[in-house]
Amino acid sequence: MASRRRLRRLSSFAALLASFAASGVACAQERPAPRTVELTLTVAPARLSLAPGDTCDAFAFNGQVPGPTLEFREGDHVVVHVHNHLAEPTTIHWHGLHIPASADGSPMRPIPAGASYDYKFTILPGSAGTYWYHPHPDHRTGYQIAKGLYGAIVIRAADDPLAGIPEQVLVLSDNRFTPAGEVDFPPPDSPQGRIDEENGREGPVLFVNGRVMPTIPIRAGEVQRWRLINASAARIYRLALAGHEFLYVGSDGGLFERPVPVKEIVLATGERIELLVRGTGAPGSRAVLQTLAYDRYDPHTRPAGWNVPRDLLALQYSDSAPVTPPALPSRLRAVPALDTSRATAHRYIVFSQGLINGRKMDMNRVDERARLGATEIWQVENVVGMDHPFHLHGFQFQILDRNGVPEPFRAWKDMMDVRGHESARFVVRFDDYPGKWMYHCHILDHEDHGMMGILEVTPTRR
Ligand SMILES: [Cu+2]
């Protein structure tokens with residue numbers, strides 16, 4: 001009852017949020033304790049400009065592509081009212097969040113055309129990081145995301161060691177359009193349709209936050225925190241910024257223990273990374289963030305031009321005199337290792353082309369059964385020549401090794417790109433939330449064609 005009263009008191013607040021959401025300025029606000037954040041996402045067809053200079057039939061969250069960036073704090077109780085105004089079922093999957101199965105937005109819980117659903121979840125302590133939201137309906141995930149349904153989520157901690165550093169949320173996506181300017185979906189049995197099914201659908205137009213080649217301003221000496229999200233259906237980015245070295249500070253489930261200097265970094269589908277970009281360039285200079293050649297393909301369907309670097313955005317230095325760079329922490333936060341000696345199960349997942357352990361997804365079948373609270377080691381072996389990025393719903397894991405080589409440092413992950421003919425292992429603990437959870441390849445065409453399995457986590461018998 002108390003929470004109902006609270007929600008009633010929040011109704012004017014919710015209206016305020018809705019107006020923010022519609023304007024695209026913000027979509028979530030906090031309340032003093034207890035913090036409850038309530039917002040509305042309307043999923044609807046829209047006539048929008050996705051490709052520059054053209055309009056097309058798109059799908060949008062609250063009328064915009066990408067959808068509004070949602071910002072929450074650890075501890076927030078979140079209520080999202082979703083109205084599905086599409087002519088087909090949809091869901092919203094809160095990619096990477098550790099939340100109840102009822103709120104996961106999996107294909108098992110579709111929101112029918114014209115219907116509404118309230119997603120309710122609590123943001124647990126320790127989950128600060130960069131996430132994203134997107135539909136996950138049966139067989140239609142790739143289609144709905146390509147039409148425009150994706151958006152960023154930022155979760156903040158009260159004790160963020162990087163607080164105060166200016167931020168950029170950068171959602172990377174790509175798309176392909178017909179000569180008439182519409183989002184291009186060739187017939188599945190056409191040559192391009194078959195290539196899309198094999199490679200995963202890629203497009204020649206690269207977007208950052210829905211824009212082509214935007215410019216980010218910076219001042220010499222300044223440090224920026226970039227949160228990058230790969231919302232592409234299949235494209236894997238190998239990111240480099242000419243003349244700059246990144247400090248790699250975080251991944252899917254938040255910050256690492258300490259920054260790692262890197263010249264370039266691979267961002268697979270569904271993955272997120274946090275980077276510190278240090279303004280080491282001269283006043284007035286310009287640097288371009290590129291994606292470099294990355295061979296994720298089967299040799300038979302590798303596209304022409306796959307190895308040509310592509311520009312993503314420009315970093316433009318102001319003419320102002322350099323500022324003194326801020327002191328950066330050498331230690332970010334603790335990432336306690338999951339105890340592999342407590343593992344009560346070792347599972348073996350084989351990725352072949354379009355199949356997991358030789359089978360396509362069946363909504364009525366449970367493929368793996370785990371006990372609530374159990375620690376398990378999963379080995380994912382890719383027996384074919386192209387990358388398949390693995391995603392587990394609901395739980396963050398720690399990658400142990402790849403082809404027997406230990407991971408260089410610990411990180412919380414919900415994605416693990418498994419390269420061609422690679423075998424990689426992770427440790428996971430199934431805390432808090434029982435239910436049925438999906439695990440799948442995050443090449444959306446593969447996922448939609450059944451490269452997905454179901455894990456059921458059940459409470460231990462008393
Ligand atoms: Cu795949």
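Some values worked out for this structure:
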item	result
Dipole of the chain [Lys/Arg +1, Asp/Glu -1 at C-beta], most positive-end residue of A146, T36, A220	T36
Whether the range 396-450 is rounded, prolate or oblate, judged on the alpha carbon gyration tensor where a/c under 1.5 counts as rounded	oblate
Peptide ranges 299-306, 206-213 listed from the most packed, as the mean C-beta count within 10 angstrom indicates	206-213, 299-306
Options N199, A46, W94, ranked by Cα towards positive dipole end of the chain, top entry (Cβ charges)	W94
The chain: antiparallel DSSP beta bridges as a percent of all, rounded to 5	70 percent
The chain, helix-only ellipticity at 222 nm - DSSP H runs n ≥ 4, -39,500 (n - 2.57), divided by all residues, nearest 500	-2500 deg cm²/dmol
Size of charge dipole - the chain - debye, nearest 20, with Cβ of Lys, Arg +1 and Asp, Glu -1, no other charges	1320 debye
Tail beyond 27 Å, pair distance distribution of the chain (Cα, percent)	54 percent
The range 91-231 shape via C-alpha gyration tensor axes, a/c threshold 1.5	oblate
Centroid-to-centroid separation of the range 388-462 and the range 241-284 [C-alpha atoms, Å]	23 Å
Packing-based exposure ordering (other Cβ within 10 Å, fewest first) of W226, W132	W226, W132
Dipole-positive endmost among H346, L332, Q316 within the range 295-346 (Cβ charges, Cα centre)	H346
Order of F395, F351 - criterion: other Cβ atoms within 10 Å of each residue's Cβ, fewest first	F395, F351
Listed peptides 96-105, 159-168 by packing density, highest first (mean Cβ within 10 Å)	96-105, 159-168
For the chain: lysine pairs under 22 Å (alpha-carbon distance), excluding those fewer than 8 apart on one chain	4
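Here, each number is a calculation from the coordinates, and none is a lab measurement. The structure displayed is predicted, hence computed values, not measured ones. Virtual Cβ from ideal backbone geometry, glycine too; neighbours counted across all protein chains shown.
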